[in-house]
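Single-structure report; data block below.
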Amino acid sequence: AKASTGLRNFAPRSVDLPQHLLEMSRRFEEADNRPVFVGNLDPYTTQREIERLFDRKGRIKRVEMKTGFAFVFYEDHRDARDAVKDYDGYEFGPSRRRLRVELARGDGLIKRREDDRRTEARNNPCETLFVVNFDATKTRTKDLEKLFEEYGSLVRVEIKKNFAFVQFQTTEEATAAMRALDGHYVGDRQITVEFMARGSTKRSRSRTPSPRRSPPRRRRSLSRSPRSPPSPRGRSRSR
């Protein structure tokens with residue numbers, strides 16, 4: 001009886017895993033959550049076409065379209081692996097291109113940084129919005145102005161390659177636009193709209209080049225002897 005009472009009251013102690021095992025576990029978890037890379041797409045492939053194809057393998061969280069390739073994010077990593085298995089080499093589109101489908105590479109560092117940036121942006125709303133996933137070959141500044149001006153007074157709309165900044169006069173106006181347009185379709189693509197991280201806003205403004213000043217001329221001393229030309233081995237190669 002005493003033995004059974006002792007077993008009944010026994011509670012196992014929690015064991016703290018070593019740091020390297022915790023780090024390994026985190027890396028495996030991040031590897032499982034990697035998006036699916038879809039390459040060799042026809043430039044005219046639409047987001048809806050990608051969604052219709054890959055939705056057959058499982059529930060999709062979102063699709064990020066680029067020029068010639070895309071990233072597909074699944075809710076379940078097992079669906080992502082099924083898509084890679086079944087669609088790598090799959091003939092797709094009017095030109096019957098063979099798709100290159102694989103799990104996105106990387107050790108999760110870029111994803112962690114992106115998640116940290118988005119968390120910081122959500123916790124620190126501002127008057128500037130970050131807009132991405134529109135078709136950079138077709139979308140013009142006036143298109144974004146027409147889309148966003150409904151929600152307030154615009155200060156600037158600036159497109160940089162495949163993303164854009166939209167700045168309002170107030171944070172309240174930017175918040176209203178973000179809530180209404182995040183996930184909105186512009187043409188055949190579903191755009192992402194979020195607050196710009198404060199640090200990123202400062203960096204983007206600090207990129208404006210300052211006027212260059214010509215260096216002061218050095219006076220040559222008459223007492224110096226003429227220099228001999230440098231040997232070829234001493235010259236640094238410019239790449």
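The values are calculated or read from the model by the stated rules, or taken from the named source; none is laboratory data. Worth saying up front: this structure is predicted, and the values here are computed from it rather than measured. FYI the Cβ positions are ideal-geometry reconstructions off the backbone, even for glycines, and counts take in every protein chain you see. Surface accessibility is based on the protein's heavy atoms, side chains included, excluding ligands, DNA and RNA. Shrake-Rupley method; radii C 1.70, N 1.55, O 1.52, S 1.80 Å.
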Yes or no: region 121-130 includes at least one residue that is open to solvent by less than 50 Å² (accessible area, probe 1.4 Å) and at pLDDT below 90. yes
For region 122-187, give me every one of the strands (runs of 3 or more DSSP E) that falls completely inside it and has 1 or more residues that are over 20 Å from the mean Cα position of the chain (by Cα). 154-160, 163-168
Please identify the pairs in which a residue from region 75-99 that is in contact (Cβ under 8 Å) with a residue 24 or more places away in the chain has its Cβ atom under 6 Å from the Cβ atom of a residue that is part of a helix (DSSP H, G or I) and open to solvent by 30 Å² or more (accessible area, probe 1.4 Å), counting only partners at least 6 apart or on another chain. HIS77/ASP32; ASP82/LYS57; ALA83/LYS57
Hey, could you check region 51-81 for residues that are crowded, with 18+ Cβ neighbours inside 10 Å and in contact with a Leu (Cβ under 8 Å, 6 or more places away or on another chain) and say which is modelled with the highest pLDDT? ALA80
